[in-house]
């Protein structure tokens, strides 16, 4: 049986996917996780998501605020920064180019 290591493919696109979710409006971690799962990222868990959010915050592309939750303990809410908006636009351009090039190669009959 041949096994593809999806984690290597995911590393490059997960940050952009998370940033896309946050760019649509302030979100808290569990809500981001549910959105990822809704779109087919079924093997993403809190232990994967929160380090990504921390890295993104350190890069200055998102900010975090803590606020009281209507249902219990305090939550961390994440928003995109102006640098994050620029980063996200660049990510989309690079992602489209890479996926287009990859699709061209995969779908070529003869190289």
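The values are calculated or read from the model by the stated rules, or taken from the named source; none is laboratory data. All figures in this text were calculated on a predicted structure; none of them were measured in a lab. Reconstructed Cβ throughout: ideal geometry from the backbone, glycine too, with neighbour counts over all protein chains shown.
Residues of the stretch 43-53 include none that is over 24 Å from residue 6 (Cβ atoms), at pLDDT 95 or above and surrounded by 13 or more Cβ atoms within 10 Å (Cβ to Cβ). A Cβ distance below 6 Å, combined with a sequence gap of six or more or placement on separate chains, defines the contacts here; from the stretch 88-107, residues that are within 17 Å of residue 61 (Cα to Cα) reach residues that are part of a helix (DSSP H, G or I) in the pairs 88/19; 88/23; 91/16. With respect to the conditions (1) touching a helix residue (DSSP H, G or I) at 6+ places or on another chain (Cβ under 6 Å); (2) outside any helix (DSSP H, G or I); (3) buried (at least 17 other Cβ atoms within 10 Å of the Cβ), residue 21 falls short on a single one, namely (2). Which one of these is buried (at least 16 other Cβ atoms within 10 Å of the Cβ), under 19 Å from the mean Cα position of the chain (by Cα) and modelled with pLDDT of 95 or more: 89, 85, 57? The match here is 57. The set of residues from the stretch 39-68 being more than 20 Å from residue 16 (Cβ to Cβ) and either assigned to a helix (DSSP H, G or I) or in contact (Cβ under 8 Å) with a residue 12 or more places away in the chain (or both) comprises just one member, 65. Output yes when any residue across the stretch 72-80 is within 26 Å of residue 49 (Cβ to Cβ), in a helix (DSSP H, G or I) and without any contact (Cβ under 8 Å) to a residue 40 or more places away in the chain, and no when none is. Within the stretch 72-80, none of the residues are within 26 Å of residue 49 (Cβ to Cβ), in a helix (DSSP H, G or I) and without any contact (Cβ under 8 Å) to a residue 40 or more places away in the chain.
Mind checking which residues of the stretch 5-18 are loosely packed, with under 13 Cβ neighbours inside 10 Å and in a helix (DSSP H, G or I)? Once the filter is applied, which keeps residues that are loosely packed, with under 13 Cβ neighbours inside 10 Å and in a helix (DSSP H, G or I), the stretch 5-18 yields 6, 7, 8, 9, 11, 12.
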